[in-house]
2 protein chains.
Amino acid sequence: MSTPTNHQIRLAARPVGLPKDSDWQRTEEPARPPAEGEVLVQTLYLSLDPAMRGWMNEGKSYIPPVGLGEVMRAGGIGRVVASAAPAFAVGDHVSGALGVQEYATLSAKALTKVDPTLSPLPVHLSALGMPGMTAYFGLLDVGQPKPGDTVVVSAGTGAVGAVVGQIAKIKGCRTVAIAGGPEKCRYAVETLGYDAAIDYKAGDIRKDLRTHCPNGVDVYFDNVGGDILEAVLAQLARKARIVVCGAISQYNNTTAVKGPANYLSLLVNRARMEGMVVFDYAERYPQAVAEIAGWIKEGRLVSREDIVEGGVAAFPDTLLKLFTGENFGKLALKVAD
Amino acid sequence: MSTPTNHQIRLAARPVGLPKDSDWQRTEEPARPPAEGEVLVQTLYLSLDPAMRGWMNEGKSYIPPVGLGEVMRAGGIGRVVASAAPAFAVGDHVSGALGVQEYATLSAKALTKVDPTLSPLPVHLSALGMPGMTAYFGLLDVGQPKPGDTVVVSAGTGAVGAVVGQIAKIKGCRTVAIAGGPEKCRYAVETLGYDAAIDYKAGDIRKDLRTHCPNGVDVYFDNVGGDILEAVLAQLARKARIVVCGAISQYNNTTAVKGPANYLSLLVNRARMEGMVVFDYAERYPQAVAEIAGWIKEGRLVSREDIVEGGVAAFPDTLLKLFTGENFGKLALKVAD
């Protein structure tokens, strides 16, 4: 079988601080035909996630780092173009860890079928994909919000945060977004239904938190770490729960990560800070997908994607948008129609 | 009624760093006779606790600070010398917040009867007092150890830590103390039954933790914060629980508290860090006292007190022993026979 040419982006060096162009290598090679039990997938959309920055570092984490010279790890949505596995037929839409490349040859076991009639394809990388799963299980299982609780979400309009805020609202909570700039703050309140939004680029976060969370913060869903985490720790309610989902403010540090100097607020407030990794909930993804798809259908939850054209070649530049706060909604790269 | 002279130690100034002599004021006045519903108590033993340092600071915490000019707050054991409350008779032994003074006139509701036949009086300030209650509820309710778990305790031979380590052992855990100096480490293993002890003043804590906790730390009971907290965060097991009980290494800081730079280990390990304040468990103290007294009687749990003579006048100097690590066992001041 003749296969198409596969353009790829590989990790060439471990970045110090923000990834630079020389940390990447552009390669091309023929796509590998599927062996027994495998499927050849053409990449349609790739998901760009803050967690990618962590995968580029050496050292133990919740998954192994991407090796030097390997195709950069990325989740994506694709279409089956050749199949040697009974579970998949040519033309099926699938999601999986396709990598930053135009074609991926993967075990059928590593792929999940996607129903394109449920939502447009990019939504399967957003509210119905990893960000949605992270929001759903992080908020509900770890954050355990009760009706009437005040829920604060940093990166509150981001791919994960937007879903957290909307689910918290559906569950009867008072919701407060922290976001950067007036446009995102307006979107948070007008479109995502937050009760209030705090612009971390303007004014004084601690004062704004006192204003908008007069009874303290019951649940804080933390995507950013750093100074914002410290500000929220200063305003915790008794028995508060902090969901540690990420710390995007710290991922490109060239010096040590800044730990929260006021973590003893946990003691004073009998509060808890707990980490979560979405993969632990894989068995329950179908339940979350069904529930979130239902909310989207009922008009109670919106999913916003920021889709960048340009194929895999645009990956290195597009990734940086995550760390400048430039993207607005779930960042995805369109690789093919 | 004529009353005895009452010598007192009052807070004269808010300390910066370690409390100095000029932060205290020595006063004397006649003890106040009890009004209806009150009791006059002669102080026998006062409890000296790391938490006292926090009470001397201005600002919101889990209890209000001691006001300038007020008698320093302290728990203690005393004997009723006059009673205007039906629940207490002259000669009864009681525990309560007597303050650093020779006599306290308190509402009967603020006192608890102590049974001197159950244990020697100082034990009621130690394994059967606040330190024991803190250990019991902090470990069992917040730490939730399972048999076979590795439990690490900082200040592992201290008033709280010694009880934590022994209860964890009773519950079938592998226990590791962190303590200062060879004498305390030997005592930890030989008397308190820890499986291992790490001397934080010698060697490399991170390396020692890897040696003694090869499968990671399931429960960390933190009394100290600072560098030791960071070292343990680097060695967490999946789903670990950190009980934030105190941070004695940081109480006398004149600069900002050092937050744990590697707190994202909570994320990687899906771990949790949770604060506790013993007063929340007051309704269940009798259950804990009964169970701990049973273990002491069976010889399964030992309580060690470090009793300093010298009366209330010795309080300022004695308190400092807590912050130098000089005391060995529960630190108490003997005020009267």
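Considering only residues that are within 26 Å of A:THR5 (Cβ to Cβ) and of a type in the set (D, E, K, R), look in region A:308-337 and name the one that is surrounded by the most Cβ atoms within 10 Å (Cβ to Cβ).
In this case the residue turns out to be A:LYS334.
Would you tally the residues in region A:1-43 being modelled with pLDDT of 95 or more, of a type in the set (A, V, I, L, M) and over 9 Å from A:TYR103 (Cα atoms)?
Here the count works out to 6.
Looking at region A:38-84, which of its residues are within 14 Å of chain B (Cβ to nearest Cβ) and on the phi > 0 side of the Ramachandran plot?
Of everything in region A:38-84, just one residue is within 14 Å of chain B (Cβ to nearest Cβ) and on the phi > 0 side of the Ramachandran plot, namely A:GLY59.
Restricting to region A:308-337, give me the number of residues that are within 14 Å of the chain's Cα centre (by Cα) and basic (Lys, Arg).
2
Tell me, please, whether a residue that is surrounded by fewer than 24 Cβ atoms within 10 Å (Cβ to Cβ) and more than 16 Å from the chain's Cα centre (by Cα) can be found in region B:127-140.
Yes, that holds for at least one residue.
Taking into account only those residues within region A:281-307 that are under 27 Å from A:LEU11 (Cβ atoms) and touching a residue at least 60 places away in the same chain (Cβ under 8 Å), which is farthest from the chain's Cα centre (by Cα)?
Here the residue is A:ILE307.
Would you pick out the residues in region B:261-318 that are within 14 Å of chain A (Cβ to nearest Cβ) and part of a helix (DSSP H, G or I)?
Those that are within 14 Å of chain A (Cβ to nearest Cβ) and part of a helix (DSSP H, G or I): B:SER265, B:LEU266, B:LEU267, B:VAL268, B:VAL278, B:PHE279, B:ASP280, B:TYR281, B:ALA282.
Please go through region B:319-337 and pick out each residue that is polar (S, T, N, Q) and either in a helix (DSSP H, G or I) or at positive phi (or both).
The one that is polar (S, T, N, Q) and either in a helix (DSSP H, G or I) or at positive phi (or both): B:THR324.
Considering region A:319-337 alone, what residues qualify as being at pLDDT 95 or above and not aliphatic (A, V, I, L, M)?
A:LYS334
Just to be sure I understand, how many residues within region B:285-301 are surrounded by fewer than 17 Cβ atoms within 10 Å (Cβ to Cβ) and more than 23 Å from B:THR112 (Cα to Cα)?
The qualifying residues number 3.
Test each condition in (1) of a type outside the set (Asp, Glu); (2) without any contact (Cβ under 8 Å) to a residue 60 or more places away in the chain; (3) within 14 Å of chain A (Cβ to nearest Cβ); (4) surrounded by fewer than 17 Cβ atoms within 10 Å (Cβ to Cβ) for B:GLN250 and report the one that comes out false.
With (1) of a type outside the set (Asp, Glu); (2) without any contact (Cβ under 8 Å) to a residue 60 or more places away in the chain; (3) within 14 Å of chain A (Cβ to nearest Cβ); (4) surrounded by fewer than 17 Cβ atoms within 10 Å (Cβ to Cβ) applied to B:GLN250, the lone miss is (4).
Does A:GLY225 satisfy the condition of being more than 9 Å from every other protein chain (Cβ to nearest Cβ), in contact with a strand residue (DSSP E or B) (Cβ under 9 Å, 6 or more places away or on another chain) and on the phi > 0 side of the Ramachandran plot?
Considered against the rule, which asks whether it is more than 9 Å from every other protein chain (Cβ to nearest Cβ), in contact with a strand residue (DSSP E or B) (Cβ under 9 Å, 6 or more places away or on another chain) and on the phi > 0 side of the Ramachandran plot, A:GLY225 comes out as no.
Yes/no matrix, rows are residues, columns are (1) part of a helix (DSSP H, G or I); (2) in contact with a Lys or Arg (Cβ under 6 Å, 6 or more places away or on another chain); (3) in contact (Cβ under 8 Å) with a residue 60 or more places away in the chain:
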residue: A:VAL142; (1), (2), (3): yes, no, yes
residue: A:GLY148; (1), (2), (3): no, no, no
residue: A:VAL163; (1), (2), (3): yes, no, yes
residue: A:ILE167; (1), (2), (3): yes, no, yes
residue: A:VAL176; (1), (2), (3): no, no, no
residue: A:GLU183; (1), (2), (3): yes, no, yes
residue: A:ALA188; (1), (2), (3): yes, no, no
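Among the residues of region A:35-89, which ones are buried (at least 18 other Cβ atoms within 10 Å of the Cβ) and of a type in the set (Asp, Glu)?
A:GLU38, A:ASP49, listed by residue number.
Pairs needed: first member in region A:4-32, buried (at least 17 other Cβ atoms within 10 Å of the Cβ); second member anywhere, among the hydroxyl-bearing types (Ser, Thr, Tyr); C-beta distance under 6 Å; at least 6 residues apart or different chains.
What qualifies is A:ASN6/A:TYR103; A:GLN8/A:THR27; A:ARG10/A:THR27; A:ALA31/A:THR3; A:ALA31/A:TYR103.
Please work out which one of (1) surrounded by fewer than 18 Cβ atoms within 10 Å (Cβ to Cβ); (2) closer than 26 Å to B:ALA332 by Cα; (3) within 14 Å of another protein chain (Cβ to nearest Cβ) is the condition B:GLU190 fails and give its number.
(3)
Any chance you could count how many residues in region A:146-156 are on the phi < 0 side of the Ramachandran plot and either among the hydroxyl-bearing types (Ser, Thr, Tyr) or surrounded by fewer than 24 Cβ atoms within 10 Å (Cβ to Cβ) (or both)?
5
Could you count how many residues in region A:90-128 are farther than 18 Å from A:GLY311 by Cα, of a type outside the set (S, T, N, Q), in a loop (DSSP other than H, G, I, E, B) and touching a strand residue (DSSP E or B) at 6+ places or on another chain (Cβ under 7 Å)?
The qualifying residues number 6.
Can you tell me which condition A:PHE328 does not meet? The list is (1) hydrophobic (A, V, I, L, M, F, W, C); (2) closer than 30 Å to A:TYR103 by Cα; (3) free of Cβ contacts under 8 Å to residues at least 24 places away in the same chain, and all the others hold.
Among (1) hydrophobic (A, V, I, L, M, F, W, C); (2) closer than 30 Å to A:TYR103 by Cα; (3) free of Cβ contacts under 8 Å to residues at least 24 places away in the same chain, A:PHE328 violates only (3).
Which ones in region B:83-118 are among the small types (Gly, Ala, Ser) and closer than 26 Å to B:ALA314 by Cα?
Selection gives B:GLY91, B:SER95, B:GLY96, B:ALA97, B:GLY99, B:ALA104, B:ALA110.
The values are calculated or read from the model by the stated rules, or taken from the named source; none is laboratory data. Fair warning: this is a prediction, and the values are worked out from it, not measured in the lab. Note: ideal-geometry Cβ built from the backbone for every residue, glycine included; neighbour counts use all protein chains shown.
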